[in-house]
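Engineer: Quick one: this structure, given as structure tokens, is what I'll be asking you about.
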Amino acid sequence: MSNNVETDSWGTILVTGGGGFLGSHIVEAFAAMPKVHQVIMTGRNRKKSRKYIPKVKFELCDITDFDKTKEILARFQPKVIIHTISPGPFATKEIQLEVNYAATKHLLEAAKQDAGVQAFIYTSSIEACSSALGHISSPLREDEARVNNLKSKDYWYCRTKGAADTLVREANSPKPNGAKDWGDYLLTVCLRTPGLYGPRDSTIVPAMLAMVNTAGARMQYGPDTTVHEWLYIENAVLAHVLATRKLLGDPHGVCGEAFFITDGTPMKFHQFTRAIFKEAGDRNMNSQNPKFIVIPFWLLFPLLAVWEWVYRIATLCRKWPYVSRQNFLYIRKGIRISIEKSRERLGYEPKVTTEEGICRTVAWFKRNGAKKLN
Ligand SMILES: NC(=O)c1ccc[n+]([C@@H]2O[C@H](COP(=O)([O-])OP(=O)(O)OC[C@H]3O[C@@H](n4cnc5c(N)ncnc54)[C@H](OP(=O)(O)O)[C@@H]3O)[C@@H](O)[C@H]2O)c1
């Protein structure tokens, strides 16, 4: 295998969930690279294939349809799979198990059997690591993190992301010299990301923008003493490109590994949200003396527990509420993450600071008509 990765072709890249927030940015970035021959994006909704992008093809495929997934691999023969698909954190246990765990397991097996697939990059999450939340005394390193499994005492999103993260790392098996093709071999990497934000975000930022100039923007949950990690979408894409470059070029020290990826500058939760409110023109945040309503956690958590039970009973336990203790646990505990391993081994350096990322994100939503921006 040549190490001259700048001239070697990267062939076809398959991006699962290519119509999603992260997936769509990854698709655009790879499609713009001359060394990429074509990008196949899979998804369940053809409308999410968005605009025409040269070299990009959309394939309708539910990732739980194993036959269809195998057929796509056989037809397009990708060299690299970037697996971004996940249900949202509040999807049911059954969906988390089916999509995050079983479908990832199957995709890995199919990729490994395939003679052409060389690299598999999994978009994991810092929530794959149960010990990550609340680790704020020093930045948590990958070798200190305890990865969740299906039996962990955590939400099903966190358990299944952790279990899939482990599956991906364990599937790593470098091709020995003399092997005729990549059948039975695969190079894998997990990229563990915190909350993503940026243009086309459909969760974090729109929820905050909906609060601009309402009482919601004045709420403060708890004392706001802990810090959190964030990841601007361009930095997330960069990490996926760098991991691909390493796996196709010089995988030593990278394959079979997990990497934390963040903006590199942890921020208090409300520092982040208030920067968004301010940038979006919230009058309170732009006043001389902004006022806040502090809701202590000792009051909030029992109220949320009651709300969760009411919601669960009303939906016959088929759904999980979007506002629950799960969100506020994250806010309460905080998190600090080290990206030194990513810097050293992937050559990752965040391109965009969180401050700049917030400005670019709000500017994008202003241009693209977020409902509550005024
Ligand atoms: N966003 C964050 O803050 C964050 C934080 C940490 C980690 N991550 C990880 O980053 C990755 C991407 O997240 P994102 O924010 O870009 O999510 P997203 O916008 O919801 O995209 C996820 C994609 O997965 C697709 N999908 C879900 N179930 C599927 C299925 N059964 N078959 C085929 N496609 C399916 C969705 O398609 P539909 O539109 O058809 O549902 C969607 O296009 C995920 O792995 C997530 O765990 C995200």
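Engineer: Of the residues Ile261, Ile276, only one is of a type in the set (Val, Ile, Thr), modelled with pLDDT of 95 or more and farther than 30 Å from Arg146 by Cα; which?
Structural biologist: Answer to the selection: Ile276.
Engineer: Restricting to region 164-188, name every residue that is within 18 Å of Ala110 (Cβ to Cβ) and of a type in the set (A, V, I, L, M, F, W, C).
Structural biologist: Selection gives Ala164, Leu167, Val168, Ala171, Trp182, Leu186, Leu187.
Engineer: Of the residues His240, His228, which single one is within 25 Å of Lys268 (Cα to Cα) and buried (at least 18 other Cβ atoms within 10 Å of the Cβ)?
Structural biologist: His228
Engineer: Something else now. Collect the residues in region 147-171 that are of a type outside the set (A, V, I, L, M, F, W, C), part of a helix (DSSP H, G or I) and either at pLDDT below 95 or closer than 16 Å to Pro89 by Cα (or both), keeping them in residue-number order.
Structural biologist: Matches in region 147-171: Tyr157, Arg159, Thr160, Lys161, Gly162, Asp165.
Engineer: Can you find, within region 175-206, the residue that is nearest to the ligand (Cβ to nearest atom) among those that are over 20 Å from Gly19 (Cα atoms) and either in contact with a Cys (Cβ under 6 Å, 6 or more places away or on another chain) or aliphatic (A, V, I, L, M) (or both)?
Structural biologist: Val189
Engineer: When you look at Lys55, is it away from the ligand (no atom under 16 Å from the Cβ) and either touching a Cys at 6+ places or on another chain (Cβ under 7 Å) or not aliphatic (A, V, I, L, M) (or both), yes or no?
Structural biologist: For Lys55, the condition - away from the ligand (no atom under 16 Å from the Cβ) and either touching a Cys at 6+ places or on another chain (Cβ under 7 Å) or not aliphatic (A, V, I, L, M) (or both) - is met.
Engineer: Of the residues in region 296-350, how many are touching a strand residue (DSSP E or B) at 6+ places or on another chain (Cβ under 8 Å), part of a helix (DSSP H, G or I) and of a type in the set (A, V, I, L, M)?
Structural biologist: Looking only at that region, the number is 3.
Engineer: When residues of region 18-39 are filtered for being under 19 Å from the mean Cα position of the chain (by Cα), surrounded by fewer than 24 Cβ atoms within 10 Å (Cβ to Cβ) and over 16 Å from Tyr232 (Cα atoms), how many remain?
Structural biologist: Total satisfying the criteria: 1.
Engineer: Could you check, for region 203-226, whether at least one of its residues is over 29 Å from Lys291 (Cβ atoms) and in contact with a strand residue (DSSP E or B) (Cβ under 8 Å, 6 or more places away or on another chain)?
Structural biologist: Within region 203-226 (the criterion being over 29 Å from Lys291 (Cβ atoms) and in contact with a strand residue (DSSP E or B) (Cβ under 8 Å, 6 or more places away or on another chain)), the answer is no, since none of the residues qualifies.
Engineer: Would you say Ala102 is farther than 18 Å from Lys341 by Cα, part of a helix (DSSP H, G or I) and of a type outside the set (Asp, Glu)?
Structural biologist: It is true that Ala102 is farther than 18 Å from Lys341 by Cα, part of a helix (DSSP H, G or I) and of a type outside the set (Asp, Glu).
The values are calculated or read from the model by the stated rules, or taken from the named source; none is laboratory data. Since we're looking at a predicted model, the values are computed, not measured. FYI the Cβ positions are ideal-geometry reconstructions off the backbone, even for glycines, and counts take in every protein chain you see.
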